Amino acid sequence: MKADYRRVAYYPGCALEGTGHAYNQSTKAVGKALGLALDEVDDWNCCGAMEVKNVDPKIQTYLSSRVMSIAANQMKAAVVMAPCNGCYHNLKKAEYDLAHDPTSREVVERLSGKAGHAPYRAGTLETIHALDWIKMGVGEEELKRRVRNSLKGLKVANYYGCMYTRPRHIFPEKDQGPGTESTSKPHFMDDLLAAAGAQNVEFPLKTACCGGAHTLSDSDTSTRLVLNILRAAEAAGADVIATECPTCHSGLEMHQVRAEKVLGEKTTVRMLYFTQLLGIALGVSPRRLGVHENVSDGLALLREKGIA
Amino acid sequence: MPIHEKTLIRPENLRTHDKLVVDGVDVSGHWSTFIESRVVRDYNEALQDEIAALPGGEHIHRCWQCGSCTNSCTVNAINPDFNPRYWIYLIRMGMESELLRDKDIIWQCVSCNKCTYACPRDVFPEGVMKATAHWLELKGHTPKSKSTIFDQVFTEQVVATGKIEEGRVIRDFFARTGQPLLQDWLVEMAKRVARRLPFKQGIAFALAALFRPRTRGWAKARAAIAEYVQEQEAHRRKALGLAARAEHEVGDGA
């Protein structure tokens, strides 16, 4: 277990103030239930997401570095936690670029100087995902002891998406043998939900793409990609797809509806954030976890299974 | 009976003759199909350098054509014409007119980075796809794709306020691409959520959409980024041999 994960700087990001509101709420609720503390980064800005990266990758690096500069230089934090795959990925990417690319360093120093704050220096902050935070801050054994409402009987397909594991060079701590995360077959979410009593199904599309980049600009492609994921989860016997990214989560939900309306393809698997599932196992009320904010009706399923 | 090999040749390059005798041998009809010989006259020797001058395209020269990118590609699995390996080949050979045959689908890369993960040469094919899509737009071969418009709407909001508000991004995107906001599937989705959302929370969400989230103390960062965007854009247009533009791309509608 890592002691310094028990109090971390928290970077929710834009999506968690919008469509991912329930992910924000459930992350905080699970942290509270497990005795993990979060200090939100002051005056944080957008990490740059994929959109700014497409316009100019160096601006994305600067935007992410500003968040890291505030966490490291002003808040004196050692660890920053981002629950959103996009934010997590971009902070990791900025860390990598600043450590390896002199041009990125020069641009960040220049823009930070003009913006009036200290530039972020590579190696001063550790960026982690909400999965790392719970897996290494608390661990399965303690989690098991704290489960009050086992997810027994719930069949879960764990969906990690693209940004959590790819490209591998920005995640030097992954693929380092037993106990570390795998980029080809990630398992941290599986481990946590298994500790909470859920039955993980063998799901081959853990890191498949939901087409989130073009969810509105090329909706037909996104719908086809999502439908493939939903069908594979159902074929694997899953009741629920557990998610760990607000873009993936809302993409799966949106295109589940779109597949039904536009293609006439109905699927019934429900989407829940892994933090919502953990929260329920820890005895937090579904309302506090924002389960009613999800588009797919997870609550009805949990009631049916006698879990909520 | 269909001949499989024929499907590998573009139909416009297939030649069959009703009556043709060559050296006393009758080569008429279906079984004696000829292929029009191809001659490429219009090599663009600057093509690889131009792609390499755009963000993401820097490492295209490393490619040794193993095809791992196309093999792992998410979009290729649903559209076999989407072929990053082939496009990289065409760019490196300078075969511009061949590349332009696929100009309307290159922007469809979903940035899943499976190619980048698989590439043994660190070409970063995902970046090459973005660079190529930008090149097509900058050179005027294609109009701005919906994806580029989305990126710009998004980036303008980030530069202006430090953050985005998703509802506003969606509204602006639909307005700028001339699509109705009330798509029936979006309406259906809103209905499903509204059914279960307590009244008070619905009001809170509606209010949140009215107030733009902002990062405090953003003004200096905004100015610094806007200046950098402008500088970079001028730099790229120069690398592609294009005339300088009076106003810059991002910020047009902010």
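Quick notes on this structure:
- You will find that of B:Phe150, B:Phe154, the residue that is crowded, with 23+ Cβ neighbours inside 10 Å, hydrophobic (A, V, I, L, M, F, W, C) and touching a Ser or Thr at 6+ places or on another chain (Cβ under 7 Å) is B:Phe150 and no other.
- Scan of the range B:105-120 for residues that are more than 8 Å from chain A (Cβ to nearest Cβ) and over 17 Å from B:Asn83 (Cβ atoms), ordered by number: B:Pro120
- Residue among A:Glu244, A:Glu173 that is buried (at least 18 other Cβ atoms within 10 Å of the Cβ) and among the acidic types (Asp, Glu): A:Glu244
To keep it simple, each residue is scored yes or no on (1) buried (at least 22 other Cβ atoms within 10 Å of the Cβ); (2) within 12 Å of another protein chain (Cβ to nearest Cβ).
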| position | (1), (2) |
| --- | --- |
| A:Thr27 | yes, no |
| A:Cys47 | yes, yes |
| A:Tyr62 | yes, yes |
| A:Asn73 | no, no |
| A:Gly86 | yes, yes |
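- Of the set (1) modelled with pLDDT of 90 or more; (2) facing chain A (nearest Cβ under 10 Å); (3) within 32 Å of the chain's Cα centre (by Cα), all apply to B:Gly217 but (3).
- Just one of the listed residues (A:Gly298, A:Gly237, A:Gly211) is out of contact with any Pro (no Cβ under 7 Å at 6 or more places or on another chain) and more than 24 Å from A:Ser184 (Cα to Cα), and it is A:Gly298.
- Here is the figure for the range B:129-158: residues that are assigned to a helix (DSSP H, G or I) and within 10 Å of the chain's Cα centre (by Cα) total 12.
- Taking every residue in the range B:72-86 that is in the same structural domain as B:Gly57 (by TED's automatic domain parsing) and pairing it with any residue that is among the polar types (S, T, N, Q), at least 6 positions away or on another chain, the pairs with Cβ-Cβ distances below 6 Å are B:Val75/B:Gln108; B:Asn76/B:Thr70; B:Phe82/B:Asn76; B:Asn83/B:Thr70; B:Pro84/B:Thr70; B:Arg85/B:Thr70.
- Test for A:Asp297: is it in contact with a strand residue (DSSP E or B) (Cβ under 9 Å, 6 or more places away or on another chain) and surrounded by fewer than 23 Cβ atoms within 10 Å (Cβ to Cβ): yes
Conditions tested, residue by residue: (1) of a type outside the set (Phe, Trp, Tyr); (2) crowded, with 22+ Cβ neighbours inside 10 Å; (3) within 11 Å of chain B (Cβ to nearest Cβ); (4) farther than 19 Å from B:Gly127 by Cβ.
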residue: A:Cys14; (1), (2), (3), (4): yes, yes, yes, yes
residue: A:Val30; (1), (2), (3), (4): yes, yes, no, yes
residue: A:Asp39; (1), (2), (3), (4): yes, no, no, yes
residue: A:Asp42; (1), (2), (3), (4): yes, no, yes, yes
residue: A:Met68; (1), (2), (3), (4): yes, yes, no, yes
residue: A:Lys76; (1), (2), (3), (4): yes, no, no, yes
residue: A:Pro83; (1), (2), (3), (4): yes, yes, no, yes
residue: A:Lys92; (1), (2), (3), (4): yes, yes, no, no
residue: A:Tyr96; (1), (2), (3), (4): no, no, no, no
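- From the options A:Pro178, A:Pro204, residue that is away from every other protein chain (no Cβ under 14 Å), surrounded by fewer than 19 Cβ atoms within 10 Å (Cβ to Cβ) and not β-branched (Val, Ile, Thr): A:Pro178
- For beta carbons closer than 9 Å, sequence separation of 6+ or different chains, a first residue in the range B:187-198 that is without any contact (Cβ under 8 Å) to a residue 12 or more places away in the chain and a second that is surrounded by fewer than 16 Cβ atoms within 10 Å (Cβ to Cβ) and outside any helix (DSSP H, G or I), the qualifying pairs are B:Pro198/A:Arg287.
The values are calculated or read from the model by the stated rules, or taken from the named source; none is laboratory data. Because the structure is a prediction, the values reported are computed rather than measured. When we count neighbours, we look across all protein chains shown, and the Cβ atoms used for this are built from the backbone with ideal geometry, even at glycine.
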